[in-house]
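Written out below as structure tokens is the structure these notes cover.
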Amino acid sequence: KPVKTAVIGTGDEGGVLVGEHNPEFLEIVAVCDIRPTNMKRVFEGEGKDKLRKGLKFHYGADCEKSIKKYTDYKEMLAQEKDIEAVIIATPLVSHAPIAIDCFKAGKHVLCEKLMARTIGQCKHMIRAAAEADRILSVGHQRHYSMLYAHATEVLQSDLIGDVKFIRALWHRNNSWPRVNGTKLQYD
């Protein structure tokens, strides 16, 4: 059966994770965010052709009746006893304290990258996970991407021979050249 999961932080990264999750494996039962706009967006989805699919895409138009909404993650952890795992997609400064509170509440954690702000916080998170006998996973998108998994398979199969050099680029929409704040157009 799917793991009963909560999402803390439903902004850009949280919205992507919600949109791309597989309901056969994760059942999102609660969401938490301090911003009303993020809360609306996580249910409705966003973007041209719904680049960020919302919860309604996965669970239907009336899912807001069954998926609990919170603005305080501590209240959510206290009230939602059936949550087994938590996805943390909040600003970096809050990763460690939220993860540690989740472990104390007996939850497994997938924390969006970067893991924490300092090495000390990372070590504290690891200790808290071990003490609670819970899983701590850090979501490095390239580690979980089928694109990179396939590239690794091709390289390991020796299909293209002895590779000496690889150049890889990751283009983002915000990388388009600009001069004095104006986007350059190439025709």
## Note on the structure
Among the residues of the range 66-110, the number that are more than 21 Å from P2 (Cβ to Cβ) and small (G, A, S) is 4
### Query
How many residues does the range 91-145 contain that are of a type in the set (S, T, N, Q) and either farther than 24 Å from H21 by Cα or buried (at least 20 other Cβ atoms within 10 Å of the Cβ) (or both)?
2
### Summary
The residue that is surrounded by the most Cβ atoms within 10 Å (Cβ to Cβ), considering only those in the range 51-71 that are within 21 Å of D82 (Cα to Cα) and aliphatic (A, V, I, L, M), is L55
### Query
Pairs, please: C-beta under 6 Å, at least 6 apart or cross-chain, first residue within 14 Å of E13 (Cβ to Cβ) and in the range 111-126, second acidic (D, E)?
E112/E13
### Query
When the residues of the range 72-85 are filtered to those that are touching a Lys or Arg at 6+ places or on another chain (Cβ under 7 Å) and open to solvent by 40 Å² or more (accessible area, probe 1.4 Å), which remaining residue is nearest to S137 (Cα to Cα)?
E84
### Query
Filter the range 159-185 for residues that are in a loop (DSSP other than H, G, I, E, B) and open to solvent by less than 100 Å² (accessible area, probe 1.4 Å); which is modelled with the lowest pLDDT?
L184
### Task
Please work out if F25 is under 23 Å from H140 (Cβ atoms) and among the aromatic types (F, W, Y).
yes
### Query
Right, K1: of a type in the set (D, E, K, R), in a loop (DSSP other than H, G, I, E, B) and surrounded by fewer than 17 Cβ atoms within 10 Å (Cβ to Cβ) or not?
yes
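The values are calculated or read from the model by the stated rules, or taken from the named source; none is laboratory data. Everything quoted here is computed from the prediction, not taken from an experiment. As a convention, Cβ positions derive from the backbone with ideal geometry for all residues, glycine included, and neighbour counts pool all protein chains shown. For accessibility, only protein heavy atoms count, side chains too; no ligands or nucleic acids. Shrake-Rupley method; radii C 1.70, N 1.55, O 1.52, S 1.80 Å.
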